[in-house]
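Here is the structure we will look at, set down as structure tokens.
The values are calculated or read from the model by the stated rules, or taken from the named source; none is laboratory data. Since the structure is predicted, the reported quantities are computational estimates derived from the model, not experimental observations. Methodologically, a virtual Cβ is constructed for each residue, glycine included, from the backbone with ideal geometry; neighbour enumeration extends over all protein chains shown.
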Amino acid sequence: MNIFQNRAPSLNAPARDIFPVTPSDSTDFDTIAVALYVEVGGTLSFVTVAGQTRTVSVPDATLLPVGSMRVNATGTSASGIHGLSAS
């Protein structure tokens with residue numbers, strides 16, 4: 001039984017999917033990420049859904065709950081990055 005089948009996507013619910021992120025300085029995600037998960041910490045440069053570029057340092061196994069549309073290659077040393085999708 002799929003409990004998500006008849007539910008509308010929501011920011012108040014668990015992510016519906018997770019996708020691998022390949023950092024790029026020009027290519028946005030196909031789907032906006034409601035959060036980013038980082039397996040191996042380091043510096044993370046990303047573009048928020050507000051269109052702002054932000055750079056943060058994160059430890060291993062970080063869940064960063066911020067809407068994002070891209071992770072930049074330049075300025076990113078973290079790896080094993082995944083986007084969480086609400087749709």
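For this structure, a couple of remarks:
- Top-ranked residue in region 77-87 [being polar (S, T, N, Q) and outside any loop (DSSP other than H, G, I, E, B); ranked as nearest to residue 39 (Cα to Cα)]: 79
- Test: residue in region 54-77 that is at pLDDT 95 or above, charged (D, E, K, R) and closer than 14 Å to residue 18 by Cβ: no
- Being at pLDDT 65 or above, assigned to a loop (DSSP other than H, G, I, E, B) and among the small types (Gly, Ala, Ser) is a description that does not apply to residue 10.
- Matching residues in region 57-76 - criterion: being exposed (fewer than 13 other Cβ atoms within 10 Å of the Cβ) and either in a strand (DSSP E or B) or among the polar types (S, T, N, Q) (or both): 57, 63, 74
- Restricting attention to region 21-56, the residues being among the hydroxyl-bearing types (Ser, Thr, Tyr), in a strand (DSSP E or B) and closer than 19 Å to residue 87 by Cα number 2.
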